[in-house]
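Following: one structure in structure tokens, then a few remarks.
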Amino acid sequence: PNLPLDDVPEGEDEHANVEQHSWGDPKRLNAPKDHADLGEALGMMDFETAAKMSGARFVLLSGKLARMERALASFMLDLQTLEHGYTECSPPFLVKDQALVGTGQLPKFSEDLFKTTADHWLIPTAEVPLTNIVRETIIEASYLPGRFTAHTPCFRSEAGSAGRDTKGMIRLHQFNKVELVSVVANEEEGLAELERMTTCAEAVLKRLDLPFRRMLLCTGDMGAGARKTYDLEVWLPSQNTYREISSCSYCGDFQARRMDARYRPEAGAKPEFVHTLNGSGL
């Protein structure tokens, strides 16, 4: 695993996470329906039909709800590209072992992934192909910061989540997500980029008028490849609590060393490892 930064709180789980700030007024409704009950009542969210084709933890969206999902993805991509300067990409959804080793999902988290018979893996997040754009390259300093975004399906086995969030769309084997990835030169730029990236993700929630809070994750709740992570948690009236909707992480040169991704500070200088970040946007 990576080494947490000094300002990351020590702790074993989410109870040691520290709230940084909140936005919006959480609405506490009288007996609110959750998204699954609403979607099924409207006839636009069908888990039963999806289960017939694919098994549990899949969903079939149709009609206006499918159109809304498409519209939300376009809105998020337009916001991140036109207003925040990210370059939109359409990457492969199948990657080789080395790509997942580079971003840190392999070898430790192989049980959380889907592998094909042709020795490719379905991506668990667009972080994998977007970060591997700089794999085995030496980048000129003028190229940095590099900022990429993509809207892709994500595939996860959810091997360690038996019995959790079995109802609805919170924990599916296949879901769509807009991802943000940044490549910078060093730790100082990386920490500034983490604040910028998290603000870019928060902008989506503000435009949608969704109350949220930003949490600084403790050492025991961070991903293995991160040095510092912010979670954005959105308020769910049906559960009367905040739930994680986005994570933004600074990884230092952890992924760059595994991918051999370097940059040249100036002409003729010795190449140095880049620093990488990733986050949901959203």
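The values are calculated or read from the model by the stated rules, or taken from the named source; none is laboratory data. From a predicted model like this one, the values you see are computed outputs, not experimental measurements. Virtual Cβ from ideal backbone geometry, glycine too; neighbours counted across all protein chains shown.
Say whether the condition of being among the basic types (K, R), surrounded by 14 or more Cβ atoms within 10 Å (Cβ to Cβ) and either within 21 Å of the chain's Cα centre (by Cα) or modelled with pLDDT under 95 (or both) is met by at least one residue in segment 57-64.
Yes, that holds for at least one residue.
Considering (1) farther than 30 Å from F148 by Cα; (2) at pLDDT below 95; (3) surrounded by 13 or more Cβ atoms within 10 Å (Cβ to Cβ); (4) hydrophobic (A, V, I, L, M, F, W, C), say which one A50 fails and leave the rest.
The number of the failed condition is (2).
Among the numbered conditions (1) touching a strand residue (DSSP E or B) at 6+ places or on another chain (Cβ under 7 Å); (2) small (G, A, S); (3) closer than 26 Å to D37 by Cα; (4) in a loop (DSSP other than H, G, I, E, B), tell me where S238 comes up short.
For S238, the failing item is (1).
Any residue in segment 237-257 that is among the hydrophobic types (A, V, I, L, M, F, W, C), without any contact (Cβ under 8 Å) to a residue 12 or more places away in the chain and under 29 Å from A71 (Cβ atoms)?
Within segment 237-257, not a single residue is among the hydrophobic types (A, V, I, L, M, F, W, C), without any contact (Cβ under 8 Å) to a residue 12 or more places away in the chain and under 29 Å from A71 (Cβ atoms).
Among the residues of segment 178-208, which ones are of a type in the set (D, E, K, R) and part of a helix (DSSP H, G or I)? Give the steps one after another, and end with the answer.
Initially, segment 178-208 is screened for residues of a type in the set (D, E, K, R), giving 179, 187-189, 193, 195-196, 202, 206-207.
Once the filter is applied, which keeps residues that are of a type in the set (D, E, K, R) and part of a helix (DSSP H, G or I), segment 178-208 yields E187, E188, E189, E193, E195, R196, E202, K206, R207.
Only one residue in K228, K206 is crowded, with 20+ Cβ neighbours inside 10 Å, touching a strand residue (DSSP E or B) at 6+ places or on another chain (Cβ under 8 Å) and in contact (Cβ under 8 Å) with a residue 40 or more places away in the chain, so which one is that?
Every option except K228 fails the conditions.
Does at least one position in segment 156-171 carry a residue that is among the hydrophobic types (A, V, I, L, M, F, W, C), out of contact with any Asp or Glu (no Cβ under 8 Å at 6 or more places or on another chain) and under 23 Å from S90 (Cα atoms)?
No, there is no match, as no residue in segment 156-171 is among the hydrophobic types (A, V, I, L, M, F, W, C), out of contact with any Asp or Glu (no Cβ under 8 Å at 6 or more places or on another chain) and under 23 Å from S90 (Cα atoms).
Just the residues that are over 15 Å from the mean Cα position of the chain (by Cα), touching a residue at least 12 places away in the same chain (Cβ under 8 Å) and not in a loop (DSSP other than H, G, I, E, B), please, taken from segment 133-158.
Those that are over 15 Å from the mean Cα position of the chain (by Cα), touching a residue at least 12 places away in the same chain (Cβ under 8 Å) and not in a loop (DSSP other than H, G, I, E, B): I133, V134, T137, I138, I139, E140, A141, Y143, G146.
Name, by its number, the condition in (1) hydroxyl-bearing (S, T, Y); (2) without any contact (Cβ under 8 Å) to a residue 60 or more places away in the chain; (3) buried (at least 22 other Cβ atoms within 10 Å of the Cβ) that does not hold for T117.
For T117, the exception is condition (3).
If you scan segment 241-260, which residues turn out to be closer than 30 Å to K33 by Cα and among the small types (G, A, S)?
If the condition is that a residue be closer than 30 Å to K33 by Cα and among the small types (G, A, S), then S246, S247 are the ones that fit.
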